[in-house]
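The structure appears right after this line, and notes come after that.
Readers should treat all values here as calculations from the given coordinates under stated rules, not as data from a laboratory. Bear in mind the structure is a predicted one, so any value in this text is a computation, not a measurement. Heads up, the Cβs are rebuilt from the backbone with ideal geometry, glycines too, and the neighbour counts pull from every protein chain shown.
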């Protein structure tokens, strides 16, 4: 807690006196109060509606229908504004203007009720009687509102400046009102702040008096006297120095802990910064090592090429030297030097040309290899396409031959069947001959004729019946039956 700030005394006079409410009695009283308020309200608004309606029509110039609406609007406005005030207070967003409007509507209702029976000054008692009921209803509603605000701890009158403060402290109250509106604070909050400021101001004035002795009689007496206007009892005023000392000690401890926390955070941040710097250095070192390795490989390759060129250049230079020696044997020293220099330049040019040729050769070899690979892939693809086309063509030819064979067999079988029909053979003989022709054809083609195929050929008989026909057909063939003769006869019949 900061130095010089004390909480408001959390004392409850009712609780200190030992008073305890009988909850059942409170419920009974509440029920009676609500019932009475409803009765008073019903009577008041009934009378008010009648008076206002009559006054509106007779004295204020309203039509009969308009007078009823006027009376209903005035009385309903009071209830509506009071209900809205309670609703907004429950939502923690009070709007004091609603209560002001409700009270203004009440005064208007009182005036209209009183004026509806004649001049107010001519008969004040009669006017007061007509205006009494709306006032009683509003008083009942205000009492209920106060109970609800207190029970539900809603923002109520403690958030507005009460009238008694304007009357008792007219000089300082405008300053409180200004603070409330500028900073959007409640009355109780501003009151607490002002009280703590007053206590702090008094304590700052006498703080040096208690620096050495917290129980100085003169300082305590002055402190009690100056703190009495803010509602602090003598006992609370006498305990203020010790409370301030404890608060100051706690404040220093909190400051020390905060400094330690900030120091720890700074150390942690510095450590993290160093770790990030180390990580960056490690990344740089790793990148540098990788670059050095790459350069080493490139340099080794370049040195190999240079060494090869230098070897060739050395051989050329050696040949030039030998030629120079030969020339030296027959020429002058100047001529020998000129020839040697020319040979050296020629050797250097040939070395550079050899390096360029070597690079061009490597590029050409790589291009040749790639072209060869591309050509081989294309050849393989073409070969595969040709193979697939050949296979499809062979399959198509085989299918055509098979179809032609099936067509020829069908025609032959049809001719043989026609010949059997003209020969006036029985059904069994015709079926036997048909099976014999199938067996003969199978013997020629080297295929195998199954009982299921025989059964299908003779009209869907069972395989046992087909087996019997197979045996008869085989016996017919062995007895000298020639299927070709039936085919020829069928051809003659077709002709």
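Packing, as the average of other Cβ atoms within 10 Å across residues, places the peptides 137-147, 437-447, 369-379 in the order 137-147, 437-447, 369-379, highest first. Going by the alpha-carbon gyration tensor, a ≥ b ≥ c the square roots of its eigenvalues, is segment 420-471 rounded (a/c under 1.5) or, if a/c is not under 1.5, prolate (a/b greater than b/c) versus oblate? Here segment 420-471 falls in the oblate category.
Placing a pseudo-label 7 Å from each Cα along the Cα-to-Cβ vector at residue 148 and residue 218 gives an inter-label distance of 5.9 nm. Per-residue extension of 0.36 nm, minus the Cα-Cα distance of residue 401 and residue 311, leaves a gain of 25.0 nm for this segment. Protection proxy ranking for 27-35, 96-104, using the average of other Cβ atoms within 10 Å per residue and placing the highest first: 96-104, 27-35. Taking each residue as 0.36 nm, the span from residue 386 to residue 160 lengthens on full extension beyond its C-alpha to C-alpha distance by 71.1 nm.
Full extension from residue 125 to residue 341: what is 0.36 nm times the residue separation minus their Cα-Cα distance, to one decimal in nm?
Gain on stretching residue 125 to residue 341: 63.2 nm.
Placing R0 at 25 angstrom, the Cβ-Cβ distance between residue 204 and residue 251 gives a FRET efficiency of 0.95 after rounding to 0.05.
Sort the following peptides by mean Cβ neighbour count (other Cβ atoms within 10 Å, averaged over residues), highest first: 274-283, 45-54, 183-192.
On the way: 274-283: 10.0, 45-54: 19.0, 183-192: 14.6.
Ranked from most to least packed, the peptides come out as 45-54, 183-192, 274-283.
As a calculated quantity, the FRET efficiency between residue 295 and residue 87 at R0 = 56 Å, using C-beta atoms, amounts to about 0.10.
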